[in-house]
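**Q** Dropping the structure in here first, questions after.
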Amino acid sequence: MKDEDSAHISEVAKKKAELIHYGKIYVPDSIKLPYPLSSSTAGPGAGKKAFALSFGGTRLKLGFSKDKDSKFSLKKNGDGFQIIKDKEVYVHDVEIIPTLLHAPNQAFVNLRDGCIYSCSFCATPILDEAKKKTVSPEQIVNMILKASNQEDFQSVAITSGIVGSPAKTLDEILWVVKKVKENLGEVEIGVEPYVSEAKDIQRLHDAGATEIKINIESYDRDIFNRICPELDYDHILKMLKEAAMLFGRGKVTTNILVGLGESDNNVLDGVEYFAKRGVVAVIRILRLNDYNHRRIVDALGHDVEKVPLERMMDLAIKQKGILERYGLSTMSFKTMCHKCGCCDIVPFKDV
Ligand code: SF4
């Protein structure tokens, strides 16, 4: 990272990055969190208990830890909280914020735990039975409707592991989108499906979905083939192009994972390739955990390490520059990760 870039990064963004990078915070028994912990079965925190907090205009989600030796710990401070690092106050004014369903302000649901595919970075296919939730689509709709009555509700998002077949899972997502639309009318609905053909994208759009995420996972073709051996790289590129034509610029997104051995140039080429087509990628730092580390190493044939903080910030800044050149922003999104911002350094929000 160049010195002038570094000078433009706010202290808040630097602290957020360091906290995300570490991933967890010690919460002493004396602190009773104001909201229940979120236990996700999809996304970077799958299988772990976490909670959301905000400071200095940003927000993030951290793993809930009972490890007293954790680098970061939470401290009560009057009505609010502080984050302590190495016995010093690291962040002064911290607020614990509610996650409506999984994310702040969003009813973000995972329809199905488990998956017929076996992408090696993803915890969903191999979550312990005890951590899987069995909830019917009807119950999911009820959960969303209940969440929509909360004052902090803003939007809906739906993801799902692929269970049975892509077609069956897509039908379930569609059913939920239609029911939500029927009940809530004008509401922003983001979907994160596996799509087999362009017709699926059309059906989701017609049903009322307003934003869509179709994940490429790695823009490096060789890495993609190793970590998602059952999926087709070119097919996903094609589906993203179709989605952008239908949903419009700044309404389509895709995860690009960083930390699998790809080069920065490859990541940024990916960001630019998608930006040219109106797609705003999420650059997501790979989270290594007990569920995925061994599987990733086996798939890639080499070990992987945590992405350095510097690289995380540098890529976010360069992504912002690319998006600006194409007249795009993360701020156009009303659902899913760009809107939530809890797991990444988000261009235009954090840098
Ligand atoms: S950034 Fe995305 S994965 Fe992370 S908590 Fe928010 S919605 Fe979930």
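The values are calculated or read from the model by the stated rules, or taken from the named source; none is laboratory data. Treat the numbers as computed from the prediction; the structure is a model and nothing was measured. Don't worry about glycine lacking a Cβ; one is built from the backbone with ideal geometry, like all the others, and counts go over all protein chains shown.
**Q** Quick one: which residue in Leu300, Leu328 is hydrophobic (A, V, I, L, M, F, W, C) and under 27 Å from Gly208 (Cβ atoms)?
**A** Checking each option against the conditions leaves just Leu328.
**Q** Suppose the filter is among the acidic types (Asp, Glu), within 16 Å of the ligand (Cβ to nearest atom) and surrounded by fewer than 18 Cβ atoms within 10 Å (Cβ to Cβ); does Asp152 pass it?
**A** Here the answer is yes, as Asp152 does meet what is asked.
**Q** Another question about this same structure. Within the range 272-300, track down each residue that is assigned to a helix (DSSP H, G or I), more than 24 Å from Ile20 (Cα to Cα) and not hydroxyl-bearing (Ser, Thr, Tyr).
**A** Correct list: Glu272, Phe274, Ala275, Lys276, Asp298, Ala299, Leu300.
**Q** Hey, among the residues in the range 75-125 that are among the aliphatic types (A, V, I, L, M) and in a loop (DSSP other than H, G, I, E, B), which one's surrounded by the fewest Cβ atoms within 10 Å (Cβ to Cβ)?
**A** Restricting to residues being among the aliphatic types (A, V, I, L, M) and in a loop (DSSP other than H, G, I, E, B), the top hit is Ile116.
**Q** Quick one: in the range 331-350, of everything that is more than 11 Å from the ligand (Cβ to nearest atom) and closer than 18 Å to Arg277 by Cβ, which residue is surrounded by the fewest Cβ atoms within 10 Å (Cβ to Cβ)?
**A** In this case the residue turns out to be Ser332.
**Q** Being within 16 Å of the ligand (Cβ to nearest atom) and not acidic (Asp, Glu): is that true of Asn289 here?
**A** Yes, satisfied.
**Q** Looking only at residues in the range 21-37 that are closer than 26 Å to Met313 by Cβ and in contact with a Phe, Trp or Tyr (Cβ under 9 Å, 6 or more places away or on another chain), which one is farthest from the ligand (Cβ to nearest atom)?
**A** Ranking the candidates gives Tyr26 first.
**Q** Shifting gears a bit: Which residue is farthest from the ligand (Cβ to nearest atom), if the candidates are limited to the range 73-124 and must be within 16 Å of Leu53 (Cβ to Cβ) and among the small types (Gly, Ala, Ser)?
**A** Result: Gly78.
**Q** All but one of (1) touching a residue at least 24 places away in the same chain (Cβ under 8 Å); (2) surrounded by fewer than 23 Cβ atoms within 10 Å (Cβ to Cβ) hold for Tyr233; state the number of the condition that does not hold.
**A** (1)
**Q** Could you list, ordered by first residue, the pairs with Cβ atoms under 7 Å in which the first is in the range 88-113 and at positive phi and the second is within 10 Å of the ligand (Cβ to nearest atom), at least 6 apart or interchain?
**A** Close Cβ pairs satisfying both conditions: His102/Ser38; His102/Ser40; His102/Phe108.
**Q** Give Asp303, Asp350, Asp314 a once-over and let me know the one that is in contact (Cβ under 8 Å) with a residue 40 or more places away in the chain and part of a loop (DSSP other than H, G, I, E, B).
**A** Asp350
**Q** Right, another one. Output the qualifying pairs, or none if there are none: Cβ atoms under 7 angstrom, residues six or more apart or on different chains, first residue in the range 133-147 and exposed (fewer than 15 other Cβ atoms within 10 Å of the Cβ), second residue polar (S, T, N, Q).
**A** Lys133/Thr41
**Q** Something else about it: Kindly state which helices (runs of 4 or more DSSP H) lie completely within the range 171-268 and contain at least 3 residues that are in contact with a Lys or Arg (Cβ under 6 Å, 6 or more places away or on another chain).
**A** The qualifying helices (runs of 4 or more DSSP H) are 233-247.
**Q** With Glu188, Glu262, Glu217, Glu192 as the choices, which residue is within 20 Å of the chain's Cα centre (by Cα), farther than 28 Å from Ala299 by Cβ and in the same structural domain as Val280 (by TED's automatic domain parsing)?
**A** Unique residue meeting the criteria: Glu188.
**Q** Considering only residues that are of a type in the set (Ser, Thr, Tyr) and within 23 Å of Lys15 (Cα to Cα), look in the range 315-330 and name the one that is farthest from the ligand (Cβ to nearest atom).
**A** Among those that are of a type in the set (Ser, Thr, Tyr) and within 23 Å of Lys15 (Cα to Cα), it is Ser329.
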